[in-house]
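Following: one structure in structure tokens, then a few remarks.
The values are calculated or read from the model by the stated rules, or taken from the named source; none is laboratory data. All of these numbers come straight from a predicted model, not from anything done at the bench. FYI the Cβ positions are ideal-geometry reconstructions off the backbone, even for glycines, and counts take in every protein chain you see.
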Amino acid sequence: MNKSAYLIGCTALFLGLILSSCSKGKPTSMKPGKQSTATGLKYNTGGKAKEKEFAVRKFKGQPDGPNLVYIEGGRHVMGSQEEDLLTARDNIERTVTVASFYMDETEVANIHWLEYLQFAKDSGDQYLEEAMPDTLVWAAELAFNDPYIDHYLRYPGFRYFPIVGVNWKQAQNYAVWRTEAVNRVLAMKKGNKEEKQMAKDGGGRIPLESGIVLPGYRLPTEAEWEYAAKAMVGTQYLDENNDYQRIYPWDGHSLRNPYGKQMGMFLANFKRGRGDYAGIAGKLNDGAMITEWIYAYPPNDFGLYNMAGNVNEWVEDTYRPLSFEDMQDLNPVRTDGKFMTKSAADLKRKKTVDYMDDVKMYDKTNFATLVDNHVRVYKGGSWKDVAYWLAPGTRRYLEEDSATATIGFRCAMIRAGANK
């Protein structure tokens, strides 16, 4: 045997050993093996488990959720890149890490909410009443906005415009309903006989352990929303280095498109100045006196539309001016400021205590502040806001049971078990 043939033979043998080793492999979520690595007991992956056998269903990875875009997590500098015009000092830069997650490609639209109202109607008058948006948010003194009150939600021409007039609580309820609706569809497609019947009947919980349903839709945290809006993944040029920061969800310091055939066109709809919502007839630059089609402007580098302009968006967080100091640096969030104490006695009494930045510090009774445990952050700027509020790092807040014509929302979802 000559030297070349010998080397080829050795190489083939070596590759064969590697492939053989890899084929056995270690157990994974999608290939758990036929028996437990802890007890040696056999699994039953067919769903017809014998007594004392643990049923392990086939799992092909987290199913794709309607309208969701994958957002790869990572390190992120929260805070505004703009001057703090209000001197609030509530968005000072801080480095955090956000785990991978999913976010809606677009804002929730009128047609999506009408679909929700149809199901709410079938659930009873009280549920329907709680789900109804406040269409009177369009009403204004000395302004002829009456057509929007009657038509914005229901007229087909506005179908794919963002829903407004919904408060934070209603957005939360929608996310719960949407989870159930999507999981019923998935169960009908991929469930076993029992799960398909449950989905058909509209009752019972389809177990997460089955692997055929999704984790819950929810509002994004402020950190997730800001991370997704800036989309710094588009500025990465070399191994963990970003070439530049971003004020808005796009490159540069301008609100206009710097590239191609759309050069000079605005990248979001907003209020350009006193009395100027869209520009001059014949060349309406941002093209929208009020809201716009949810796909109207170019998406950011994560593929998300209207992360600046169109409507502000509710996020999960309770507002505190010092959140940037208090919150964890991994998946930060501030909810209602309370948590269950750990002693058995307190757990039994369901006793809660304030966690940092106690609401008692804020004198709302004497109108010195509006901050309490029921005000929620909203982000993004809207058709009625000046450009300052389009920067993802800026923060505002509103009572969780209040609604306006400038606030909508989109949903998010965890990425379970993997960062890819």
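Things worth noting here:
- Qualifying residue in the range 139-153 (condition: on the phi > 0 side of the Ramachandran plot and touching a Ser or Thr at 6+ places or on another chain (Cβ under 7 Å)): no
- Residue, surrounded by the most Cβ atoms within 10 Å (Cβ to Cβ), within the range 77-105, restricted to residues that are among the charged types (D, E, K, R) and out of contact with any helix residue (DSSP H, G or I) (no Cβ under 6 Å at 6 or more places or on another chain): Asp104
- Qualifying residue in the range 185-204 (condition: hydrophobic (A, V, I, L, M, F, W, C), surrounded by 14 or more Cβ atoms within 10 Å (Cβ to Cβ), farther than 13 Å from His76 by Cβ and at pLDDT below 90): yes
- Test: residue in the range 366-373 that is closer than 21 Å to Glu325 by Cβ, modelled with pLDDT of 75 or more, among the acidic types (Asp, Glu) and in contact with a helix residue (DSSP H, G or I) (Cβ under 7 Å, 6 or more places away or on another chain): yes
- Selected residue (criterion: modelled with the lowest pLDDT) from residues of the range 394-418 that are within 21 Å of Gly309 (Cα to Cα) and out of contact with any strand residue (DSSP E or B) (no Cβ under 7 Å at 6 or more places or on another chain): Thr394
- For the range 232-252, the set of residues classified as part of a loop (DSSP other than H, G, I, E, B) and of a type outside the set (A, V, I, L, M) consists of Asp239, Glu240, Asp243, Tyr244, Gln245, Arg246, Tyr248, Pro249, Trp250, Asp251, Gly252, listed by residue number.
- Residues of the range 253-272 that are in contact (Cβ under 8 Å) with a residue 12 or more places away in the chain, of a type in the set (Phe, Trp, Tyr) and not in a strand (DSSP E or B): Phe270 alone.
- For the range 176-218, taking the residues that are assigned to a helix (DSSP H, G or I) and among the hydroxyl-bearing types (Ser, Thr, Tyr), the one that is farthest from Ser29 (Cα to Cα) is identified as Thr179.
- Picking from residues in the range 106-121 that are surrounded by fewer than 22 Cβ atoms within 10 Å (Cβ to Cβ) and charged (D, E, K, R), the one that is modelled with the lowest pLDDT is Lys121.
- Subset of the range 287-316 (residues that are surrounded by fewer than 21 Cβ atoms within 10 Å (Cβ to Cβ), of a type in the set (Gly, Ala, Ser) and touching a residue at least 24 places away in the same chain (Cβ under 8 Å)): Ala296, Gly303
- Any hit, the range 274-291, residues being in a loop (DSSP other than H, G, I, E, B) and within 12 Å of Glu107 (Cβ to Cβ): yes
- Some residue of the range 330-340 being part of a loop (DSSP other than H, G, I, E, B), at pLDDT 90 or above and over 23 Å from Ala308 (Cα atoms): no
- Which listed residue is surrounded by fewer than 19 Cβ atoms within 10 Å (Cβ to Cβ) and either touching a residue at least 24 places away in the same chain (Cβ under 8 Å) or under 28 Å from Ala288 (Cα atoms) (or both), from Pro220, Pro215, Pro162: Pro215
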